[in-house]
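Single-structure report; data block below.
The values are calculated or read from the model by the stated rules, or taken from the named source; none is laboratory data. Note that the coordinates shown come from a computational prediction; the quantities given were computed from them, not determined experimentally. Positions of Cβ are backbone-derived with ideal geometry, glycine not excepted, and every protein chain shown enters the neighbour counts. These accessible areas exclude ligands, DNA and RNA; they are computed on the full protein's heavy atoms, side chains included. Shrake-Rupley method; radii C 1.70, N 1.55, O 1.52, S 1.80 Å.
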Amino acid sequence: LIYAVDKYNNRLKIAKLCGADMIINSCNSDVWKVLNDQFPDKGPDLFIDNTGDEEIIAKGYNLINQAGTVLLIGVPSQEKTTAINTLPLHFGKRIVGTHGLRT
């Protein structure tokens, strides 16, 4: 299943056309509650971040399952950092960066 989250309805419509199974407007709902409810025992395999927001990156990392991947498309500004528990990285969790756009 593919869940698309954005604050703009026009982008969510495009995500739906591209195959998203569920779209969530982050301005109209508690996204993390919705996603945690959808994955009560095991998180998703893949979390793609296009925001570059360090808090969203950390939340996505905490949401994915033990062998999941966070794919970073959005690039945080250079002075921003995020805090994660690195132990799961030794057991299969991954964070992968791309040459995305700076926000």
For residues in region 74-97 being among the hydroxyl-bearing types (Ser, Thr, Tyr) and open to solvent by 60 Å² or more (accessible area, probe 1.4 Å), which is modelled with the highest pLDDT? THR86
A careful count of residues in region 52-103 that are farther than 23 Å from VAL31 by Cα and among the aromatic types (Phe, Trp, Tyr) gives 1
Would you pick out the residues in region 24-73 that are in contact (Cβ under 8 Å) with a residue 24 or more places away in the chain, of a type in the set (Gly, Ala, Ser) and surrounded by fewer than 18 Cβ atoms within 10 Å (Cβ to Cβ)? ALA58, ALA67
Among the residues of region 57-103, write down those that are outside any loop (DSSP other than H, G, I, E, B), touching a Ser or Thr at 6+ places or on another chain (Cβ under 9 Å) and closer than 21 Å to PHE39 by Cβ. ILE57, ALA58, TYR61, LEU71, LEU72, ARG94, ILE95, VAL96
Members of region 1-40 found to be part of a loop (DSSP other than H, G, I, E, B), more than 23 Å from GLN66 (Cβ to Cβ) and acidic (Asp, Glu), listed by number: ASP30
